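Here is the structure we will look at, set down as structure tokens.
The values are calculated or read from the model by the stated rules, or taken from the named source; none is laboratory data. It should be emphasised that the depicted structure is a prediction, and the values quoted were computed from it without experimental measurement. In this analysis, Cβ positions are derived from the backbone assuming ideal geometry, glycine residues included, and neighbour counts consider all displayed protein chains.
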Amino acid sequence: MKIPKLSLFSIIGKNEKILWSGKPDKKCFILESIFNPLLPFALVWGIIDFAFIGVALSDGKAPALFIIPFFALHLMPVWLYLGGILFSWVKYKNTEFAVTDKGVYHSGGILAQNFEFKPFTELSNVNMHRGVIDQMLGVGDVTLTCSSDLMNFHIRGVNSGFRGINICDIPDFETVYHLVKDLQNDVYSDTMYPNDLRPAENHGYNTRRI
């Protein structure tokens, strides 16, 4: 039985206004999965292992029934790299982003679907990043960091892992960057300058969207 996949938009609240939505640039997404930091390591590892396999088989001293299974396991870094490339298409199909007036949504995953929502009240930093491939293809990333990441880093002295959202490989990265930054500033302003318990007439910080 085929299990239907959920769309990112099915989890967005009915009272939310979608201000932007999109997917990564397909070409950039696939190229980045190929030219990732594991490429040089997997390439060198594979060359060395296949050289040893060729020498061992041509020598004839070691049985092939031992050599092939051993090196099949020993080539695991190469298989992991190739698997990442093969599954990049599935990951691309599951990757979607949306910005609403409440926060940022992200869907992804390979074998399982993952859905994330980060309200603007949790976002601490909004940054732009453009790698070499991004610049070649005219796209960029908008990286959103949560305040809990910075708190864990300062308290524990270690990076407990990225818990923000990376809106990656999008053509309109500058537009999305300014949109999220403005929304974050508006929400922060209303939080720091309360709105008289939100009466019918707003006496708050005169933000544009809240």
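Please work out which residue is surrounded by the fewest Cβ atoms within 10 Å (Cβ to Cβ), limiting yourself to region 91-113 and to residues that are farther than 18 Å from Glu16 by Cα and at pLDDT 90 or above.
Result: Lys93.
Among the residues in region 70-85, are any more than 22 Å from the chain's Cα centre (by Cα), at pLDDT 85 or above and among the small types (Gly, Ala, Ser)?
No; the residues of region 70-85 include none that is more than 22 Å from the chain's Cα centre (by Cα), at pLDDT 85 or above and among the small types (Gly, Ala, Ser).
Looking at Gly131, Gly140, which is the one that is touching a Lys or Arg at 6+ places or on another chain (Cβ under 6 Å) and at pLDDT 90 or above?
Residue meeting the stated conditions: Gly140.
Out of the residues in region 34-54 that are among the small types (Gly, Ala, Ser) and under 31 Å from the mean Cα position of the chain (by Cα), which is farthest from Phe70 (Cα to Cα)?
Per the stated criteria, the residue is Ala42.
Inspect all residues belonging to region 38-48 and state whether any of them is surrounded by 14 or more Cβ atoms within 10 Å (Cβ to Cβ), touching a residue at least 60 places away in the same chain (Cβ under 8 Å) and closer than 20 Å to His129 by Cβ.
No, region 38-48 contains no residue that is surrounded by 14 or more Cβ atoms within 10 Å (Cβ to Cβ), touching a residue at least 60 places away in the same chain (Cβ under 8 Å) and closer than 20 Å to His129 by Cβ.
Does region 1-49 hold any residues that are modelled with pLDDT under 85 and hydroxyl-bearing (Ser, Thr, Tyr), and which are they?
Hit for region 1-49 is Ser7, nothing else.
Please enumerate the residues belonging to region 109-139 that are within 16 Å of the chain's Cα centre (by Cα) and on the phi > 0 side of the Ramachandran plot.
If the condition is that a residue be within 16 Å of the chain's Cα centre (by Cα) and on the phi > 0 side of the Ramachandran plot, then Gly109 is the only one that fits.
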